[in-house]
1. Would you mention how many residues in the stretch 4-21 are under 16 Å from Arg46 (Cβ atoms), loosely packed, with under 12 Cβ neighbours inside 10 Å and touching a strand residue (DSSP E or B) at 6+ places or on another chain (Cβ under 8 Å)?
2. Across the stretch 68-106, what is the number of residues that are without any contact (Cβ under 8 Å) to a residue 60 or more places away in the chain and either of a type in the set (Phe, Trp, Tyr) or in contact with a Lys or Arg (Cβ under 7 Å, 6 or more places away or on another chain) (or both)?
3. Kindly provide the set of residues from the stretch 51-70 that are within 19 Å of Glu6 (Cβ to Cβ) and not hydrophobic (A, V, I, L, M, F, W, C), ordered by number.
4. When you go through Phe74, Phe79, Phe91, Phe62 one by one, which is the residue that is among the aromatic types (Phe, Trp, Tyr) and out of contact with any Asp or Glu (no Cβ under 9 Å at 6 or more places or on another chain)?
5. With the requirement that a residue be in contact (Cβ under 8 Å) with a residue 24 or more places away in the chain and either over 15 Å from the mean Cα position of the chain (by Cα) or part of a strand (DSSP E or B) (or both), what does the stretch 10-33 give you?
6. Residues in the stretch 78-94: is at least one among the hydroxyl-bearing types (Ser, Thr, Tyr) and surrounded by 17 or more Cβ atoms within 10 Å (Cβ to Cβ)?
7. In this structure, is Glu63 modelled with pLDDT of 95 or more and either within 27 Å of Thr15 (Cα to Cα) or surrounded by 11 or more Cβ atoms within 10 Å (Cβ to Cβ) (or both)?
8. How many residues does the stretch 10-53 contain that are among the hydrophobic types (A, V, I, L, M, F, W, C) and at pLDDT below 95?
Amino acid sequence: MMKTLETTFKRCGYTQNLVKRNRDVAMYTVELPTGKIIGYEVFIIREQKEFVRIIGGNEVRFENKELKPRNEDFGETAFAPSVLERAEEHFKTLTDRVKRRKKVTA
């Protein structure tokens, strides 16, 4: 079973709350500790498949889970607009991109 992204999490001192998502794309608010929204993050949800690694002689099992974007994803498959309207545009664009990619591979 795939572990899904949290609806709320903290990153770099900010709270991020899920605004909306579909199967492939998520949009979160980025909020100050006061609750003021200072921006958004919109990204294609990556997936980590279950795997096992030997680390220091011990077997470590990594679970199936959805992943947040890495720093290097921003500008390509993740965006951090400051206004909701732009976040909505990115959400639609990324959703359309994933749909087109799935059609090509189907």
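1. Matching residues across the stretch 4-21 total 1.
2. Residues flagged as without any contact (Cβ under 8 Å) to a residue 60 or more places away in the chain and either of a type in the set (Phe, Trp, Tyr) or in contact with a Lys or Arg (Cβ under 7 Å, 6 or more places away or on another chain) (or both) within the stretch 68-106 amount to 2.
3. Going residue by residue through the stretch 51-70, those that are within 19 Å of Glu6 (Cβ to Cβ) are 62-70.
The answer is Glu63, Asn64, Lys65, Glu66, Lys68, Pro69, Arg70.
4. Numbers: Phe74 fails: out of contact with any Asp or Glu (no Cβ under 9 Å at 6 or more places or on another chain); Phe79 fails: out of contact with any Asp or Glu (no Cβ under 9 Å at 6 or more places or on another chain); Phe62 fails: out of contact with any Asp or Glu (no Cβ under 9 Å at 6 or more places or on another chain).
From the options Phe74, Phe79, Phe91, Phe62, the qualifying one is Phe91.
5. Arg11, Tyr14, Gln16, Val19, Lys20, Arg21, Val25, Met27, Val30
6. Filtering the stretch 78-94 down to residues among the hydroxyl-bearing types (Ser, Thr, Tyr) leaves 82, 93.
Now drop any that are not surrounded by 17 or more Cβ atoms within 10 Å (Cβ to Cβ), which leaves none.
For the stretch 78-94, residues among the hydroxyl-bearing types (Ser, Thr, Tyr) and surrounded by 17 or more Cβ atoms within 10 Å (Cβ to Cβ): absent.
7. Details: modelled with pLDDT of 95 or more: no; either within 27 Å of Thr15 (Cα to Cα) or surrounded by 11 or more Cβ atoms within 10 Å (Cβ to Cβ) (or both): yes.
So Glu63 fails the test.
8. Summing the residues that are among the hydrophobic types (A, V, I, L, M, F, W, C) and at pLDDT below 95 in the stretch 10-53 gives 3.
The values are calculated or read from the model by the stated rules, or taken from the named source; none is laboratory data. Not measured: the values here are computed from a predicted model. As a convention, Cβ positions derive from the backbone with ideal geometry for all residues, glycine included, and neighbour counts pool all protein chains shown.
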